[in-house]
Amino acid sequence: MATATRQPLDAISGPPFTPRRAPPRASPPAARVSEVRRIAREWLLPSRSMRRRPGPPALGLLYIVAIAALGGLATYHVLLGLLAGVLYLHNERTRLFLRTLFPLVLTGVLFDSMRYYYWPGIEGRVHVVEPYRFERTWFGIGGRTLNEVFLERHWPSLDLATGLAYLGFAGEYVGLALLLFFRGRADAARTFARCFLLVNLMGFATYFVYPAAPPWWVTAHGLGATPMRILPGPAATVRFDALLGVRLFEDIYGNGIDVFGAYPSLHVSYPFLAMALAFLYRELRWARVPAVLFFALICLSAVYLQHHYVTDVVLGIVYAAVALAAVLALERRSAASP
């Protein structure tokens, strides 16, 4: 019987196996530094390949010139016009930021422009008695409006809570839009911005179609007084200022425009939209309960602080719901079209 010749093991299996080492992973601090550098490059370095057009920056300069010609040019007008041009020209990331949130900017521009035509547009058409009587009939308590009840019954803790809510009613909305953008959901942030623009356009239009005196004006001047050109009043927010020893709300409302813009309450519209959109996007599921609580607080604040009737609050919710439905429907139709 033939005997097989035994071969050395290395002749059969080849050279001994040497395991390959995985490249060393960056430590968490080093990874964070690398991510910060990447983000900084995306935002700070100008683009070398992006096509640039002079039109949008020219519109920013035209805005500055137009405000200067109309009178009342302020530093924020110049900064807004120049910043829009810089964001458009700098790189792809800043241009996307401007395009996504431009409806927010446009809303501010439209509101600021109202100071040139607001009073001529509502002269002699302000409704004082009708909103009050409607409120007392449908939402009255013991023959008085809820605003009149809160004039007698108010508490420092609630003054503080409602004042803080009134300071943050728009900040919550804009903050959630920015959060979505920086988390890579520019589409969702764009929906936020479009809803904001549309509900404001609807509200601004109502200010002219049906200018209505707010509760604080009725308290200060009475139902029989003739509406006059005055600055918006801080109403019961002065109690917040007094608690903290500041003039915050007095300064804010001292620069206001829409004295007789009670219908609808946009103070309520923004938190309602924020709450509804938080339930629409998974990225905001952590914000759903806080958004519901903040919305409820704003509804109370609008009436408690004498800025709106309950009627205005209901209208603010209706306007926001209509704006949201319209924007979502248009976006679905746009996505479905080739």
Quiz item: If Leu98 satisfies every condition in (1) touching a Phe, Trp or Tyr at 6+ places or on another chain (Cβ under 6 Å); (2) within 27 Å of Pro232 (Cα to Cα); (3) of a type in the set (A, V, I, L, M, F, W, C) but one, which is the exception?
Solution: (2)
Quiz item: Can we say Gly60 is within 30 Å of Met114 (Cβ to Cβ), exposed (fewer than 11 other Cβ atoms within 10 Å of the Cβ) and either at pLDDT 80 or above or polar (S, T, N, Q) (or both)?
Solution: no
Practice problem: With respect to Tyr166, determine if the residue is surrounded by 20 or more Cβ atoms within 10 Å (Cβ to Cβ) and under 29 Å from Glu250 (Cα atoms). | Solution: yes
Exercise. Inspect all residues belonging to segment 312-335 and state whether any of them is aromatic (Phe, Trp, Tyr), outside any loop (DSSP other than H, G, I, E, B), in the same structural domain as Tyr166 (by TED's automatic domain parsing) and in contact with a Phe, Trp or Tyr (Cβ under 6 Å, 6 or more places away or on another chain).
Key: no
Practice problem: Might you let me know whether segment 18-29 holds any residue that is modelled with pLDDT under 90, part of a helix (DSSP H, G or I) and loosely packed, with under 11 Cβ neighbours inside 10 Å? | Solution: yes
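Here's the yes/no breakdown for (1) on the phi > 0 side of the Ramachandran plot; (2) among the hydrophobic types (A, V, I, L, M, F, W, C); (3) over 28 Å from the mean Cα position of the chain (by Cα); (4) assigned to a helix (DSSP H, G or I):
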{"site": "Gly85", "(1), (2), (3), (4)": "no, no, no, yes"}
{"site": "Thr94", "(1), (2), (3), (4)": "no, no, no, yes"}
{"site": "Arg99", "(1), (2), (3), (4)": "no, no, no, yes"}
{"site": "Phe102", "(1), (2), (3), (4)": "no, yes, no, yes"}
{"site": "Arg125", "(1), (2), (3), (4)": "no, no, yes, no"}
Quiz item: Do we have any residue at all in segment 262-283 that's of a type outside the set (Phe, Trp, Tyr), within 25 Å of Ile141 (Cβ to Cβ), more than 18 Å from the chain's Cα centre (by Cα) and outside any helix (DSSP H, G or I)?
Solution: yes
Quiz item: For the subset of segment 314-338 comprising residues that are hydrophobic (A, V, I, L, M, F, W, C) and at pLDDT below 95, which member is nearest to Thr191 (Cα to Cα)?
Solution: Ala335
Practice problem: Would you mention how many residues in segment 221-261 are of a type in the set (A, V, I, L, M, F, W, C), over 22 Å from Arg115 (Cβ atoms) and not in a loop (DSSP other than H, G, I, E, B)? | Solution: 5
Quiz item: Does any residue of segment 136-143 turn out to be in contact (Cβ under 8 Å) with a residue 12 or more places away in the chain and more than 21 Å from the chain's Cα centre (by Cα)?
Solution: yes
Quiz item: Say we look at segment 127-156 and pick out the residues that are β-branched (Val, Ile, Thr) and buried (at least 17 other Cβ atoms within 10 Å of the Cβ); which of these is farthest from Phe196 (Cα to Cα)?
Solution: Thr145
Quiz item: Any residue in segment 272-285 that is without any contact (Cβ under 8 Å) to a residue 24 or more places away in the chain and closer than 30 Å to Arg239 by Cβ?
Solution: yes
Quiz item: Would a scan of segment 265-284 turn up a residue that is of a type outside the set (Gly, Ala, Ser) and over 25 Å from Leu178 (Cα atoms)?
Solution: no
Quiz item: Which residues, counting only those in segment 222-254, are within 22 Å of the chain's Cα centre (by Cα) and touching a residue at least 24 places away in the same chain (Cβ under 8 Å)?
Solution: Pro232, Thr237, Leu248, Phe249
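The values are calculated or read from the model by the stated rules, or taken from the named source; none is laboratory data. If you're wondering where the values come from, they're calculated on a predicted model, not measured in any experiment. All Cβ positions, even for glycine, are placed from backbone atoms using ideal geometry, and neighbour counts span all protein chains on display.
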